[in-house]
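J.: For reference, the structure I am asking about is given below.
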Amino acid sequence: MTHQINWEFPQALEDEAIYILRETAAQFEKPVLLFSGGKDSITLVRLAQKAFYPGKVPFPLLHVDTGHNFPETIEFRDWLVNTLGLDLIVRNVQDSIDQGKVQEETGKYASRNALQTVTLLDAIEEGKFDACIGGARRDEEKARAKERIFSVRDEFGQWNAKMQRPELFDILNGKINIGENVRVFPISNWTELDVWNYIRREKLEIPSIYFAHEREIIERDGLYWPYSAYLNTTADEVPFRQKVRFRTVGDMTCTAAVLSEADKLEDIIAEIMEAKISERGARIDDKRSEAAMEKRKQAGYF
């Protein structure tokens, strides 16, 4: 059955996000925006521009670079910050490995995704950031659905789902103890479709991997993995070229592609309306266990 496509973006969602960003700037001393180069963090950048216009965005962007990112994402990141005149801080997982703080995974499913947590927490401590703005949304995954808008992390960067504060009548409580910090989620109430309709309305540029393109992939566990030098393959996993796109952007070792012909925003939105699996269904790191995301968040993950 074909669904009627909804092109409308609810203005109340943008108003709420701008309010949250302004509250963050008002209540915290050193906020930072966690930037991955994906559509959600790109959306946050536009919202921050609007929230503080005509002034400059009053906090830097922080990217934790695993070294296994899609080249298209890194190229886009650098283009965006240069075009908009934003301040960018980059911290590398490879440095954490070299310092012996984390150990490179081995085996068929090796990934650096979980290793990012240590690099992130070190960057937060180094920068003395008391609020980290992220693009997580409640519709993505059940652990993220438990998050408040202002989600408190303890002095070790850890998250406790049972210690969430009530947020009645849109009142945001940014009071924290020494050593604690808060993760802020301005688009928590948005859906994947809302994000795409906002990108369409605002005419935002996004990395090319979101659009259908030909790429070398392998098929593993019923998913299409992007073939790269970072992926540990077996002898029977022979790469082949196929037209695909990515619904979500993570490492090349933990982000599966979807077969697609959608090479325009309108086609992507129509495709999402018909999708039978969730956006995070293509994130291989979420499939390690039923509670994979929650366990990573408890340890300090984004």
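The values are calculated or read from the model by the stated rules, or taken from the named source; none is laboratory data. Quick caveat: nothing in here was measured; it's all calculated off a predicted structure. Note that we place each Cβ from the backbone using ideal geometry, even for glycine, and neighbour counts take in every protein chain shown. Side chains are part of the model used for accessible areas, which takes the heavy atoms of the whole protein and leaves out ligands, DNA and RNA. Shrake-Rupley method; radii C 1.70, N 1.55, O 1.52, S 1.80 Å.
J.: Of the residues Gln103, Gln158, Gln94, only one is in a loop (DSSP other than H, G, I, E, B) and at pLDDT 95 or above; which?
T.: Details: Gln158 fails: at pLDDT 95 or above; Gln94 fails: in a loop (DSSP other than H, G, I, E, B).
The conditions single out Gln103.
J.: Here's a follow-up. Under the condition of being among the charged types (D, E, K, R) and in a strand (DSSP E or B), which residue from region 204-219 is nearest to Glu271 (Cα to Cα)?
T.: Step one: of region 204-219, the residues among the charged types (D, E, K, R) are 205, 214-216, 219.
Retained after the next criterion (residues that are in a strand (DSSP E or B)): 214-216, 219.
Working: Glu214: 18, Arg215: 19, Glu216: 22, Glu219: 21 Å.
The extreme case among them is Glu214.
J.: Are any residues in region 190-207 more than 15 Å from the chain's Cα centre (by Cα) and either closer than 30 Å to Glu155 by Cα or in contact (Cβ under 8 Å) with a residue 40 or more places away in the chain (or both), and if so, which ones?
T.: If we filter region 190-207 for residues that are more than 15 Å from the chain's Cα centre (by Cα), which is where we start, we get 193-194, 197-205.
Matches in region 190-207: Leu193, Asp194, Asn197, Tyr198, Ile199, Arg200, Arg201, Glu202, Leu204, Glu205.
J.: Quick one: would you say Arg137 is part of a loop (DSSP other than H, G, I, E, B), touching an Asp or Glu at 6+ places or on another chain (Cβ under 8 Å) and either surrounded by fewer than 20 Cβ atoms within 10 Å (Cβ to Cβ) or outside the structural domain of Ile20 (by TED's automatic domain parsing) (or both)?
T.: Against the criterion (part of a loop (DSSP other than H, G, I, E, B), touching an Asp or Glu at 6+ places or on another chain (Cβ under 8 Å) and either surrounded by fewer than 20 Cβ atoms within 10 Å (Cβ to Cβ) or outside the structural domain of Ile20 (by TED's automatic domain parsing) (or both)), Arg137 does not qualify.
J.: Let me ask something else. With (1) crowded, with 21+ Cβ neighbours inside 10 Å; (2) modelled with pLDDT of 95 or more; (3) touching a Phe, Trp or Tyr at 6+ places or on another chain (Cβ under 8 Å); (4) not β-branched (Val, Ile, Thr) as the list, and Asn181 as the residue in question, which single condition is left unmet?
T.: Condition (2) is where Asn181 drops out.
J.: What about Ile176, is it β-branched (Val, Ile, Thr) and closer than 28 Å to Lys50 by Cβ? I'd like the intermediate steps shown before the answer.
T.: Values: β-branched (Val, Ile, Thr): yes; closer than 28 Å to Lys50 by Cβ: yes.
Against the criterion (β-branched (Val, Ile, Thr) and closer than 28 Å to Lys50 by Cβ), Ile176 qualifies.
J.: Return the residues of region 140-155 that are in a helix (DSSP H, G or I) and open to solvent by 30 Å² or more (accessible area, probe 1.4 Å); say none if nothing qualifies. Don't jump to the end; show me each part of the working.
T.: We begin by selecting, within region 140-155, every residue in a helix (DSSP H, G or I); these are 142-145.
Result: Lys142, Ala145.
J.: For residues in region 106-134 being open to solvent by less than 30 Å² (accessible area, probe 1.4 Å) and part of a helix (DSSP H, G or I), which is nearest to Ser228 (Cα to Cα)? Show your work before the answer.
T.: From region 106-134, those open to solvent by less than 30 Å² (accessible area, probe 1.4 Å) are 110-113, 115-117, 119-120, 123-124, 127, 129-134; that's our starting set.
If we keep only those that are part of a helix (DSSP H, G or I) as well, we get 116-117, 119-120, 123-124, 127.
Details: Gln116: 20, Thr117: 23, Thr119: 23, Leu120: 25, Ala123: 28, Ile124: 30, Gly127: 33 Å.
Step by step, filter region 106-134, then rank; the result is Gln116.
J.: Here is a further query. Inside region 152-168, can you point out the residues that are at negative phi and not charged (D, E, K, R)? Spell out how you get there, then give the answer.
T.: Let us first name the residues in region 152-168 that are at negative phi, namely 152-156, 158-168.
Within region 152-168, Val152, Phe156, Gln158, Trp159, Asn160, Ala161, Met163, Gln164, Pro166, Leu168 meet the criteria.
J.: Let me ask something else about it. Tell me the residue from Thr43, Thr83 that is open to solvent by 50 Å² or more (accessible area, probe 1.4 Å), at pLDDT 95 or above and closer than 30 Å to Arg215 by Cα, please.
T.: Among Thr43, Thr83, only Thr83 is open to solvent by 50 Å² or more (accessible area, probe 1.4 Å), at pLDDT 95 or above and closer than 30 Å to Arg215 by Cα.
J.: Given (1) surrounded by fewer than 21 Cβ atoms within 10 Å (Cβ to Cβ); (2) part of a strand (DSSP E or B); (3) touching a Leu at 6+ places or on another chain (Cβ under 6 Å), identify the lone condition not met by Val64.
T.: The number of the failed condition is (1).
J.: Hey, can you tell me all the residues within region 229-257 that are without any contact (Cβ under 8 Å) to a residue 60 or more places away in the chain, closer than 23 Å to Val64 by Cα and open to solvent by 10 Å² or more (accessible area, probe 1.4 Å)?
T.: Hits for region 229-257 are Ala229, Leu231, Arg247.
J.: Right, next: Determine if region 185-193 includes at least one residue that is assigned to a loop (DSSP other than H, G, I, E, B), open to solvent by less than 70 Å² (accessible area, probe 1.4 Å) and aromatic (Phe, Trp, Tyr).
T.: We begin by selecting, within region 185-193, every residue assigned to a loop (DSSP other than H, G, I, E, B); these are 185-191.
Now restrict to residues that are open to solvent by less than 70 Å² (accessible area, probe 1.4 Å): 185-191.
When the remaining residues are screened for being aromatic (Phe, Trp, Tyr), the result is 185, 190.
Yes, region 185-193 has at least one match.
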